[in-house]
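Each reported figure results from applying straightforward, stated rules to the coordinates on display, with no laboratory input. The shown structure was predicted, so the numbers you read here are calculated from the model rather than taken from an experiment. Please note: Cβ atoms are built from the backbone with ideal geometry, for glycine as well, and neighbour counts cover all protein chains shown.
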Number of protein chains: 2
Amino acid sequence: MSQPTYSRTRPCRVNEVPRWDFEADVCIVGFGAAGASAAIEAARAGAKVLLFEVSAAHGGTSALSGGEIYMGGHGGTPIQRSAGFHDDTEDFYRYLLMAGGPNADQAKCRAYADGCAEHYQWLVAQGLQYKNSFIKERIVEPLTDDCLLWSGSEEAYPFNLGAKPCPRGHTPQWMGMGGGKYLMDVLAGQVIKAGVQVQYEARAVSLIAESDNQVRGIVVRIDGIDRYARARGGVILCAGGFIMNRDMVKRHAPMLLRAQYPLGTVDDGSGVQLGQSVGGAAINMSEGFVTLPWYPPERLIRGIFINERGQRFINEDCYHGRVSHHCLQQGGNRIYVLLDKNSYAEPDFGAHFKIGIGATGETWAEVERELDLPLGALTSTVALYNQHAERSEDPLYHKASKWVQPLLEPPFVALDCRIDHALYTTFTMGGLDTAVSGEVLDESRRCLPGLYAAGRSSCGLPRWGEGYSSGLSLADATYFGRQAGIASARRAAQLR
Amino acid sequence: MSQPTYSRTRPCRVNEVPRWDFEADVCIVGFGAAGASAAIEAARAGAKVLLFEVSAAHGGTSALSGGEIYMGGHGGTPIQRSAGFHDDTEDFYRYLLMAGGPNADQAKCRAYADGCAEHYQWLVAQGLQYKNSFIKERIVEPLTDDCLLWSGSEEAYPFNLGAKPCPRGHTPQWMGMGGGKYLMDVLAGQVIKAGVQVQYEARAVSLIAESDNQVRGIVVRIDGIDRYARARGGVILCAGGFIMNRDMVKRHAPMLLRAQYPLGTVDDGSGVQLGQSVGGAAINMSEGFVTLPWYPPERLIRGIFINERGQRFINEDCYHGRVSHHCLQQGGNRIYVLLDKNSYAEPDFGAHFKIGIGATGETWAEVERELDLPLGALTSTVALYNQHAERSEDPLYHKASKWVQPLLEPPFVALDCRIDHALYTTFTMGGLDTAVSGEVLDESRRCLPGLYAAGRSSCGLPRWGEGYSSGLSLADATYFGRQAGIASARRAAQLR
């Protein structure tokens with residue numbers, strides 16, 4: 001055979017396959033949360049499952065996360081209920097829809113809202129432990145082993161108008177940050193137990209497809225040699241997003257290049273590209289998550305954000321990622337949080353994410369001068385805010401009254417959150433369009449037989465930077481990873 | 001043969017072709033400006049050219065335009081020079097780069113800047129006439145047969161910092177609006193003269209490709225019957241954008257759904273989808289042009305735009321499309337232009353585009369109340385603007401001093417530009433990634449042999465709503481349409 005012409009972006013045709021090195025019912029690319037969940041379900045459904053991971057160990061980008069999963073509905077998970085919350089499935093559904101933004105996937109929101117109680121049980125059955133506890137304060141991630149937290153914009157305008165607020169971030173019982181690694185260790189244990197064959201240090205090179213693009217397997221490079229894996233039921237792409245592929249980011253989501261802290265491991269876009277090579281449609285490619293964890297402590301939420309024209313632009317009680325997304329939308333690099341004696345605190349993660357002090361003063365005019373803002377720009381914004389804050393109102397942005405108080409007590413401080421200085425964290429949300437079953441869809445939304453995707457290689461529940469909530473990615477990866485595992489195993493059985 | 005399984009999103013394989021109904025060197029889909037320009041050049045290079053058009057006549061969306069083409073550099077076109085402007089090629093290039101935004105295609109900007117003098121001559125040689133005249137006032141489109149106008153943000157911040165401003169919109173000599181139809185009549189005449197065979201009412205159904213996705217031809221449906229056209233050199237997709245395919249807009253550019261006046265004809269996304277079916281990468285799919293032509297008359301530019309929080313958000317002397325793009329970025333639907341006695345005028349196109357009067361008053365406080373804005377929101381914005389405008393300065397948004405004067409003279413007026421009421425016009429800018437030669441690229445930017453695209457089926461010079469200037473689309477369509485015609489004819493000759 002001559003030099004292979006196939007690649008990530010050009011499928012290997014079945015007639016180009018020199019031999020089958022592996023044979024399986026289901027081949028999975030990527031051993032993060034999506035791949036693990038898919039593997040467990042496919043294997044338990046009786047499929048012979050082969051999992052290829054480019055690294056030397058399981059985990060992927062899921063292991064870098066806090067392990068938080070967004071769950072609710074059906075009256076509430078046991079944790080929500082015992083914290084005194086009732087979470088109606090319809091409120092949960094409506095929140096998921098709002099979080100998904102103008103291109104929310106109704107079918108996926110419906111499926112997850114309806115299936116979440118079962119999913120919670122499934123996660124627990126895998127061995128994941130949740131402490132029966134609730135953290136009232138607004139935080140980013142627990143430093144303890146506590147579970148339930150407000151992890152989105154549930155209580156904030158305009159989300160609070162569309163669905164009854166309820167905390168839905170469920171963090172596994174793991175002391176300190178880094179619950180994602182624990183989550184992945186638990187899932188990986190089940191993958192092995194289910195009899196899945198894992199091949200590490202195997203790079204997905206190309207899909208193997210018929211001339212009509214029906215997917216038959218995958219070419220993986222192991223020790224520099226191309227190996228041909230037949231997948232009777234299908235291939236599931238769970239290879240992450242594309243934040244580490246800077247060229248793809250530039251072409252599809254250039255705004256995210258401004259955020260200097262890409263969060264990923266092997267998120268090189270290969271999952272998306274492999275799917276596209278057989279006609280899979282990539283959607284919402286310009287969307288991404290961006291955050292600067294400017295709180296905790298939550299008293300900082302009493303401050304107000306301004307851009308380099310001294311203007312406010314958001315209700316500061318939104319989820320930190322929503323606030324940060326809006327920071328990036330402002331023209332210019334300069335972003336400040338204005339605080340007074342009653343609201344100032346040192347941000348818990350300020351040193352790590354490079355949030356410094358931009359200016360201080362005994363008057364707001366002094367702060368304005370020190371920041372070299374146009375005369376009256378900052379002071380008129382503060383004056384207008386204070387005027388309404390006297391009555392705990394924020395008619396411009398509708399920050400909830402509990403956070404609204406006039407900024408009157410010196411000393412005054414401007415926290416410096418410059419885009420080109422502070423470490424805004426980012427990952428991509430665009431990916432392959434998929435059905436609820438995980439089947440990859442083409443541009444006319446027809447299924448591509450034999451191809452599935454889950455996690456950030458697909459475009460799932462999280463697809464809108466303005467609406468993201470912590471825990472949506474792992475919710476999406478685990479739940480729809482499972483669906484892809486089930487569907488591909490079923491297809492293998494039917495074709496057997 | 002059984003029921004065909006090919007479609008826009010799934011290529012017909014060569015071995016599925018029952019017969020060749022047509023044979024040509026180059027097949028072109030779409031008879032707008034891109035298709036016409038490609039056809040002329042391919043035919044003149046000696047290729048046998050077949051042009052398929054879904055409508056019963058030439059024109060496409062190009063014929064709906066004003067016919068304006070963005071040109072400059074090389075010291076200036078004859079029209080620019082005689083109006084007293086010197087347009088350096090590097091200024092032209094830098095402006096094109098800025099207009100393209102964070103994902104500008106440097107190679108295309110370079111090629112067009114360098115090739116524009118020749119392109120001007122080519123257009124004139126086709127029979128297009130330009131009157132040697134310049135319109136000083138800021139307008140949208142000439143109502144006369146005049147030629148040169150300011151058609152972008154050249155003089156406005158921040159574009160004026162990056163390139164020496166020069167007017168570059170060239171409108172053909174045609175009395176009144178509708179120069180696009182005249183342009184298309186001229187080009188269509190040359191297409192016929194060059195011996196191109198045109199097949200009207202022929203719908204492109206599917207590309208014909210080898211199993212390695214090399215493109216060999218196209219399936220077109222004529223009178224309900226699938227016809228198979230072989231293209232020895234290549235197929236050129238010039239089938240427009242996707243603004244009329246509301247499902248595609250929803251999935252890729254949902255923001256554009258807010259603009260209620262989609263501007264297109266057969267822009268059903270088929271060009272993009274056909275390219276994707278063989279692995280072509282679609283980029284910048286979320287970007288689009290949006291405009292509400294709120295001026296002329298230009299005195300309106302002395303007013304200030306506010307959102308529903310009473311805040312300014314743009315320097316109002318930008319191109320109307322840039323201002324309108326920012327209108328859509330504001331939270332909420334309410335957008336107003338604040339004017340006083342010295343700046344108010346009835347917008348020329350106000351009635352057509354549904355720009356009404358939102359409020360009037362003898363004081364700004366009265367206007368604020370009438371608009372039911374939060375107390376102090378509008379008045380503090382006007383006060384801050386006026387304070388600096390007294391010295392003809394706009395330190396917040398850098399509107400050029402010639403447009404800056406305090407809004408002090410009653411009666412005061414708020415023009416109502418509500419997004420959900422006024423007719424914001426929109427079309428898509430995302431499309432197939434192509435090389436300068438028009439060759440379609442896959443996600444790793446490798447050429448797909450035998451496939452070309454131009455015009456809005458591709459992603460060319462116009463690719464950023466914030467940076468668009470009138471005339472960029474036709475510049476892109478005609479210039480890169482020509483390149484695709486030349487490249488495909490050359491390929492046909494090499495393969496002959």
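Taking the Cα centre of the protein assembly as shown as origin and charging only Cβ (+1 Lys, Arg; -1 Asp, Glu), how large is the dipole, in debye to the nearest 20? Spell out each step's value before the answer.
Values: 96 positive and 108 negative charges, 598 e Å.
Magnitude of the dipole: close to 2880 debye.
Fully extended, how many nm does the chain gain between A:ARG110 and A:HIS421 (0.36 nm per residue separation, minus their Cα-Cα distance)?
Details: separation 311, 0.36 × 311 = 111.96 nm, distance 4.02 nm.
Gain on stretching A:ARG110 to A:HIS421: 107.9 nm.
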Among A:VAL49, B:VAL337, B:VAL198, what is the fewest-to-most ranking by other Cβ atoms within 10 Å? B:VAL198, B:VAL337, A:VAL49
Binned Cα-Cα distance frequencies in chain B - 20 Å width, integer %: 25, 51, 21, 3
Using alpha-carbon positions, what is the distance between the centroids of the range B:155-214 and the range B:100-141, in Å? 12 Å
What is the spin-label model distance, in nm, from B:THR363 to B:LEU257 if the labels are put 7 Å beyond Cα along the C-beta direction? 4.4 nm
Please give the charge dipole size of the range A:293-416, origin at the Cα centre, charges +1 on K and R Cβ atoms and -1 on D and E Cβ atoms. Round to the nearest 20 debye. 340 debye
Tell me which aspartates and glutamates have Cα within less than 19 Å of B:LYS136's Cα, excluding those fewer than 8 residues away on the same chain? B:GLU68, B:ASP87, B:ASP145, B:ASP146, B:GLU154, B:GLU155, B:GLU298, B:GLU316, B:ASP317, B:ASP348
B:LEU375 and A:ARG445 label points (each 7 Å along its Cα→Cβ direction) are spaced in nm at 4.9 nm
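Within 10 Å of each candidate Cβ there may be at most 12 other Cβ atoms; applying that plus a DSSP loop requirement, which trypsin sites (Lys or Arg not before Pro) in the range A:14-121 survive? Don't skip to the end; give the middle numbers.
Numbers: sites: A:ARG19, A:ARG44, A:LYS48, A:ARG81, A:ARG94, A:LYS108, A:ARG110; in loops: A:ARG19, A:LYS48.
Passing sites in the range A:14-121 are A:ARG19.
Express in nm, to one decimal, how much length is gained between A:GLU201 and A:GLN405 on full extension, taking 0.36 nm for each residue of separation and deducting their alpha carbon distance. Spell out each step's value before the answer.
Values: separation 204, 0.36 × 204 = 73.44 nm, distance 5.53 nm.
Gain on stretching A:GLU201 to A:GLN405: 67.9 nm.
Give the average over all directions of the projected area of the C-alpha convex hull of the range B:312-363, one decimal, in nm².
Working: hull surface 17.7 nm².
Projected area, direction-averaged: 4.4 nm².
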Tilt, helix A:33-44 to longest principal axis of chain A (alpha-carbon atoms), in degrees rounded to tens, equals 40 degrees
Cα gyration tensor shape of the range B:1-157, rounded if a/c is under 1.5, else prolate or oblate by comparing a/b with b/c: prolate
Would you mind checking which residues have amide H under 5 Å from A:ASN342's amide H? H placed 1.01 Å from N; only 5 or more apart, or other chain. A:GLU409
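Can you bin the range A:293-416 into rounded, prolate or oblate? Criterion: square roots of the alpha carbon gyration tensor eigenvalues sorted a ≥ b ≥ c, rounded for a/c under 1.5, prolate for a/b above b/c, oblate for the rest. Spell out each step's value before the answer.
Values: a/c = 1.20, a/b = 1.04, b/c = 1.16.
Rounded, since a/c falls under 1.5.
DSSP loop trypsin sites (Lys or Arg not before Pro) in the range B:115-175 with at most 15 other Cβ atoms within 10 Å of their Cβ, which ones?
Filter output for the range B:115-175: B:LYS136.
Can you tell me the dipole magnitude for chain B around its Cα centre, using point charges on the Cβ only (Lys, Arg +1; Asp, Glu -1), in Debye to the nearest 20? Mind showing how you got there, number by number?
Values: 48 positive and 54 negative charges, 303 e Å.
I would put it at about 1460 debye.
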Packing-wise, with mean Cβ within 10 Å as the measure, how do B:392-400, A:451-459 rank, highest first? A:451-459, B:392-400
Please give every one of the lysines within straight-line cross-link reach of B:LYS354, meaning a C-alpha to C-alpha distance under 23 Å, and leave out same-chain neighbours fewer than 8 residues apart. B:LYS341
Exposure proxy order (Cβ contacts within 10 Å, fewest to most) of B:HIS352, A:HIS170: B:HIS352, A:HIS170
Considering only C-alpha atoms, what is the centroid distance from the range A:1-65 to the range A:411-427, in Å? 40 Å
HN-Hα J in Hz across the range A:94-99 - Karplus 6.51, -1.76, 1.60, θ = phi - 60°, x for Gly and Pro: 5, 5, 4, 4, 4, 4
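Can you sort B:MET429, A:MET175, B:MET244 from fewest to most other Cβ atoms within 10 Å of each residue's own Cβ?
Details: B:MET429 31, A:MET175 12, B:MET244 19.
In order of increasing Cβ crowding within 10 Å: A:MET175, B:MET244, B:MET429.
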Using label points projected 7 Å from each Cα along Cα→Cβ, tell me how many nm separate A:ASN342 and B:GLU137, to one decimal. 5.5 nm
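As a check on your grasp of the helix formula, calculate [θ] at 222 nm for the protein assembly as shown: sum -39500 (n - 2.57) over DSSP H runs of n ≥ 4, divide by the residue count, round to the nearest 500. Before the final figure, lay out the partial values.
On the way: 26 runs with 282 residues, N = 992.
Helices in the protein assembly as shown give a 222 nm mean residue ellipticity of -8500 deg cm²/dmol.
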To the nearest Å, what is the center-to-center distance of the range A:428-490 and the range B:319-358, using C-alpha atoms only? 41 Å
Set of lysines with alpha-carbon distance to B:LYS250 below 24 Å, sequence-local pairs under 8 removed: A:LYS108, A:LYS250
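Among the DSSP beta bridges whose two residues both lie in the protein assembly as shown, what percent are antiparallel, rounded to the nearest 5? Don't skip to the end; give the middle numbers.
Numbers: 82 of 131 bridges.
For the protein assembly as shown, the DSSP antiparallel bridge percentage is about 65.
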Using only the alpha-carbon atoms, how far is helix A:320-329 inclined from the longest principal axis of chain A? Give it as 0 to 90 degrees, nearest 10. 80 degrees
How would the protein assembly as shown be classified by its alpha-carbon gyration tensor: rounded, prolate or oblate, with rounded meaning a/c under 1.5 and the a/b versus b/c comparison settling the rest? oblate
In the range B:385-496, taking the dipole from +1 charges on Lys and Arg beta carbons and -1 charges on Asp and Glu beta carbons about the Cα centre, the listed residue (B:ALA475, B:GLN494, B:PRO410) farthest towards the positive end is B:GLN494
